[in-house]
Amino acid sequence: MPHIVVCFKWVIDETYLRRAPGGGLDFSSVDYKLSDYDRNAIEEAVRIRTALGGTVTGITVGPPEAAKGVKDALSRGMDAGVFIADPAFVDLDPSQTVSLIAQAVRNHVGPFDLIICGEGSGDLYAQQVGPRLAEALGIDCVAFATQISLEGGTLTAQRRLEGVIEVVTAPLPALVTVLPEINTPRIPGVKDTLMAGKKPVRTLAKGDLGATGGPRLQTLAVRAAAMERACEKFGVEEAEVIRFVDALKKRGVLA
Amino acid sequence: MAVLWIFSETTASTKELLGLGRELISAVGGSITVLMGPDGEGREEWAAYGADEIILLPPLADGLAMEAHIPVIAAAAAEEKPDIILLPATARGREMAPRLAQRLDTGLCSNCVAVRWSGGDIEMDRVVYGGAAIQTVKFLTRPVMATVAPKTFSPPVPEEGRSARLRELPPLAAGTVPGVRIVEKREKRRLARDLTQAKVVVAAGRGLEKKEDLALVEEVASLVGGEVGCTRPLSEELHWLPTELCIGLSGVSVKPDLYIGVGVSGQVQHMTGVRGAKVIAAVNRDENAPIFAQADLGIVGDLYEALPKLITALKK
Ligand SMILES: Cc1cc2nc3c(=O)[nH]c(=O)nc-3n(C[C@H](O)[C@H](O)[C@H](O)COP(=O)(O)OP(=O)(O)OC[C@H]3O[C@@H](n4cnc5c(N)ncnc54)[C@H](O)[C@@H]3O)c2cc1C
Ligand SMILES: Nc1ncnc2c1ncn2[C@@H]1O[C@H](COP(=O)(O)O)[C@@H](O)[C@H]1O
């Protein structure tokens, strides 16, 4: 029965980001969420466990506040969590995140059959942690899967590339990153949330793991993307629609 | 002086990377190497487009995918120490680049949208927080690596009479063969249309109730001489339209004179792909939909009422 490891991230909900005077970002009213596409990663792990048995262990790296994310992720059907927590674990670059996850998997998770990552995280969307982690652990990697199945020690995955769909196989253990179309994530109910509080979570501190090495990239600036627009509204009555078309013509964008 | 490597997947992406590569190299001097599969298809052109050297990768055994080149490329890069390695931000490039970066223990800027030299260092811009912000990074390790968003850089003007050295890389002596095997390949129909070049783009969103209703959006598009695009749920969840038509963070960026979003809520991951439009218009029945705050002109109303009226008005 497979042991599936799924990686998820607790991220800033970008809908609460505002443009600060001066062009930076205003984080004052931000909220956090489980990275959108990691919900698909968790759902896929739980779907396979429901079909084949086994266990699902979720792993995240983040600051202590990400404990909320661990609980959220557990409410989506995972069996156990590994929480790599330290106040310094914010804004890590993908290579550092990978170093921490790889060490935790090797030393604290035990044998596994499959690792599932999301296609990309909601904040960085670097699409790096999955493929890098496969290399760090020396296992095969299939990125951007739209369908996966496990049978007799083999992963079969369908992946979508530009202009072609490939069906591939790989021996287990292996790592896949999944596209959001692979499934529809569940919405946890009250009972799921209550049960999540009873599931085992192993918290690993900085001292439980070795060094990550320094960052490979340095962020020089983060500035809000500009979107200055006229914001003129029209009704749906015939006269209004004609006025809308005239406005487009006046701006010279309709022949 | 800098040595820049480009991994070639398709002809179009290679030309764009050569465009960027030449821009970078012309500022500091150096050379450009294109690495490609053993068939070398299309390579006669690369010298004119700016390649100084072409490296042919060793043949792959049956059933192996392009990613099987990773160990050979990584070993060559570890030995020859290029300063910069660029890959296209195609699905293949987005998988291969982080795996190579991990093997070379270096940083990677994913989906780079702008590049410049600044005091001897390379700086790159990329999109973060779904498109709400632009992050500028510099590299603390070498080689500098990036995947480059398609259609971001133009191919260079070819220069006749240039030539490029050709060499082959041998297979690794003690190479481990990856376990991933292709068991089936299905070609998808390629789209002839190119959204990124369209003067008008009409984007369909989840406000449409069923696939057949796309006909309304198509009619509007054809009346204004435009192309139909869509939001990600339409191409990827509902499969109503091909992926190439998805606009946004994980799709294409468009820069038409006019963009009209129909039944599109205007979430940042989609809107980041239409920032380059001269005029943004919207049709949405929810007056509080975020798209209205990012549009120049918007009709607040049901699309099933608005589009027939719009079609009539456009026909006049
Ligand atoms: C990492 C990441 C990357 C992403 N990349 C992309 C991307 O590249 N492109 C992309 O598009 N999305 C992307 N998304 C998804 C994005 O966040 C939104 O979910 C998506 O854009 C919403 O699509 P929509 O506007 O069609 O649907 P919805 O948000 O469901 O909006 C539908 C809208 O239609 C309106 N409506 C409903 N009925 C009617 C009617 N009868 N008449 C008029 N209006 C009506 C509603 O008021 C609503 O505003 C990404 C998400 C993540 C997390
Ligand atoms: N801090 C983290 N903790 C656990 N998993 C992560 C973390 N960051 C990224 N991942 C995983 O890697 C995927 C890709 O992230 P990224 O490379 O940041 O786009 C995510 O969808 C997660 O599955």
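The values are calculated or read from the model by the stated rules, or taken from the named source; none is laboratory data. Source: prediction; values computed, not measured. In this analysis, Cβ positions are derived from the backbone assuming ideal geometry, glycine residues included, and neighbour counts consider all displayed protein chains.
For region A:1-42, which residues satisfy the criterion of being part of a loop (DSSP other than H, G, I, E, B), polar (S, T, N, Q) and over 20 Å from A:F89 (Cβ atoms)?
If the condition is that a residue be part of a loop (DSSP other than H, G, I, E, B), polar (S, T, N, Q) and over 20 Å from A:F89 (Cβ atoms), then A:S28, A:S29 are the ones that fit.
Identify the residue in region A:1-29 that is within 14 Å of another protein chain (Cβ to nearest Cβ), aliphatic (A, V, I, L, M) and more than 22 Å from A:P188 (Cβ to Cβ) and, among all such residues, is farthest from ligand 1 (Cβ to nearest atom).
Step by step, filter region A:1-29, then rank; the result is A:A20.
Looking only at region B:66-88, count how many residues are more than 19 Å from B:E168 (Cα to Cα) and at the interface with another protein chain (Cβ under 9 Å from one of its Cβ atoms).
Summing the residues that are more than 19 Å from B:E168 (Cα to Cα) and at the interface with another protein chain (Cβ under 9 Å from one of its Cβ atoms) in region B:66-88 gives 0.
Among the listed residues A:K68, A:K33, identify the single one that is more than 10 Å from ligand 2 (Cβ to nearest atom) and loosely packed, with under 15 Cβ neighbours inside 10 Å.
Matching residue, one of A:K68, A:K33: A:K68.
What's the total number of residues in region B:170-179 that are touching a residue at least 24 places away in the same chain (Cβ under 8 Å) and more than 24 Å from B:L108 (Cα to Cα)?
The total comes to 6.
Just give me the residues in region A:209-226 being of a type in the set (A, V, I, L, M, F, W, C), facing another protein chain (nearest Cβ under 7 Å) and surrounded by fewer than 18 Cβ atoms within 10 Å (Cβ to Cβ), in sequence order.
Within region A:209-226, A:L220, A:A221, A:V222 meet the criteria.
If I ask for residues that are of a type in the set (A, V, I, L, M, F, W, C), surrounded by fewer than 19 Cβ atoms within 10 Å (Cβ to Cβ) and in a strand (DSSP E or B), which ones from region B:111-135 would you list?
Selection gives B:A114, B:W117.
Residue by residue through region A:150-172, note down the ones that are at the interface with chain B (Cβ under 8 Å from one of its Cβ atoms) and not hydroxyl-bearing (S, T, Y).
To start, the set of residues in region A:150-172 that are at the interface with chain B (Cβ under 8 Å from one of its Cβ atoms) comprises A:156, A:159-171.
Those that are at the interface with chain B (Cβ under 8 Å from one of its Cβ atoms) and not hydroxyl-bearing (S, T, Y): A:R159, A:R160, A:L161, A:E162, A:G163, A:V164, A:I165, A:E166, A:V167, A:V168, A:A170, A:P171.
Counting only residues that are surrounded by fewer than 21 Cβ atoms within 10 Å (Cβ to Cβ) and hydrophobic (A, V, I, L, M, F, W, C), how many does region B:250-277 have?
1
Return only the number of the condition from (1) away from every other protein chain (no Cβ under 14 Å); (2) within 10 Å of ligand 2 (Cβ to nearest atom); (3) part of a helix (DSSP H, G or I) that A:I59 does not satisfy.
(3)
Got a number for residues in region B:238-276 being assigned to a loop (DSSP other than H, G, I, E, B), in contact (Cβ under 8 Å) with a residue 40 or more places away in the chain, more than 9 Å from every other protein chain (Cβ to nearest Cβ) and farther than 20 Å from A:S121 by Cα?
The number of residues fulfilling the criteria is 7.
Which is modelled with pLDDT under 95 and surrounded by fewer than 23 Cβ atoms within 10 Å (Cβ to Cβ), of A:D79, A:D91? Before you say what the answer is, go through the steps one by one.
Values: A:D79 fails: modelled with pLDDT under 95.
Result of the check over A:D79, A:D91: A:D91.
Any residue at all in region B:180-192 that's acidic (D, E), surrounded by 15 or more Cβ atoms within 10 Å (Cβ to Cβ) and either at pLDDT below 95 or out of contact with any Ser or Thr (no Cβ under 8 Å at 6 or more places or on another chain) (or both)?
Within region B:180-192, none of the residues are acidic (D, E), surrounded by 15 or more Cβ atoms within 10 Å (Cβ to Cβ) and either at pLDDT below 95 or out of contact with any Ser or Thr (no Cβ under 8 Å at 6 or more places or on another chain) (or both).
For region B:115-160: of the residues being free of Cβ contacts under 8 Å to residues at least 12 places away in the same chain and more than 12 Å from chain A (Cβ to nearest Cβ), which is nearest to A:G122 (Cα to Cα)?
Once the filter is applied, the top-ranked residue is B:G120.
Suppose we filter region A:77-89 for residues that are more than 9 Å from ligand 2 (Cβ to nearest atom), of a type outside the set (F, W, Y) and in contact with a Gly (Cβ under 9 Å, 6 or more places away or on another chain); how many remain? Steps first, answer last, please.
First, pick out the residues of region A:77-89 that are more than 9 Å from ligand 2 (Cβ to nearest atom): A:77-83, A:85-88.
Right, trim to of a type outside the set (F, W, Y) and you get A:77-82, A:85-88.
Pick out the ones that are also in contact with a Gly (Cβ under 9 Å, 6 or more places away or on another chain) and you get A:78-82, A:85-86.
Of the residues in that region, 7 qualify.
So, in region B:19-74, exactly how many residues are touching a helix residue (DSSP H, G or I) at 6+ places or on another chain (Cβ under 7 Å) and part of a helix (DSSP H, G or I)?
Of the residues in region B:19-74, 5 are touching a helix residue (DSSP H, G or I) at 6+ places or on another chain (Cβ under 7 Å) and part of a helix (DSSP H, G or I).
Please specify each residue of region A:173-201 satisfying the condition of being more than 9 Å from every other protein chain (Cβ to nearest Cβ) and under 20 Å from A:P2 (Cα atoms).
Passing the criteria: A:P173, A:L175, A:V176, A:V178, A:I182, A:N183, A:K199, A:P200, A:V201.
Restricting to region B:32-48, give me the number of residues that are surrounded by fewer than 17 Cβ atoms within 10 Å (Cβ to Cβ) and in contact with a Ser or Thr (Cβ under 6 Å, 6 or more places away or on another chain).
1
Of the residues that make up region A:12-27, is at least one within 12 Å of the chain's Cα centre (by Cα) and either of a type in the set (D, E, K, R) or within 9 Å of ligand 2 (Cβ to nearest atom) (or both)?
Looking through region A:12-27, none of the residues is within 12 Å of the chain's Cα centre (by Cα) and either of a type in the set (D, E, K, R) or within 9 Å of ligand 2 (Cβ to nearest atom) (or both).
Quick one: would you say A:A145 is more than 9 Å from ligand 2 (Cβ to nearest atom), part of a helix (DSSP H, G or I) and not basic (K, R)? Don't jump to the end; show me each part of the working.
Values: more than 9 Å from ligand 2 (Cβ to nearest atom): yes; part of a helix (DSSP H, G or I): no; not basic (K, R): yes.
Criteria not met by A:A145.
Just one of A:L155, A:L175, A:L150 is within 13 Å of ligand 2 (Cβ to nearest atom), within 15 Å of A:A45 (Cβ to Cβ) and not in a loop (DSSP other than H, G, I, E, B); which is it?
Values: A:L155 fails: within 13 Å of ligand 2 (Cβ to nearest atom); A:L150 fails: within 13 Å of ligand 2 (Cβ to nearest atom).
None of the other options fit; the residue is A:L175.
Filtering region A:117-142 down to residues that are within 7 Å of ligand 2 (Cβ to nearest atom) and either of a type in the set (V, I, T) or without any contact (Cβ under 8 Å) to a residue 40 or more places away in the chain (or both), which residue is farthest from A:L179 (Cα to Cα)?
Looking at residues that are within 7 Å of ligand 2 (Cβ to nearest atom) and either of a type in the set (V, I, T) or without any contact (Cβ under 8 Å) to a residue 40 or more places away in the chain (or both), I get A:L124.
Has region A:119-131 got any residue that is more than 10 Å from every other protein chain (Cβ to nearest Cβ), more than 16 Å from ligand 1 (Cβ to nearest atom) and within 22 Å of B:D105 (Cα to Cα)?
Among the residues of region A:119-131, not one is more than 10 Å from every other protein chain (Cβ to nearest Cβ), more than 16 Å from ligand 1 (Cβ to nearest atom) and within 22 Å of B:D105 (Cα to Cα), which makes the answer no.
When you scan region B:161-220, how many residues do you find that are under 30 Å from B:G37 (Cα atoms) and assigned to a loop (DSSP other than H, G, I, E, B)?
Residues meeting the conditions: 23.
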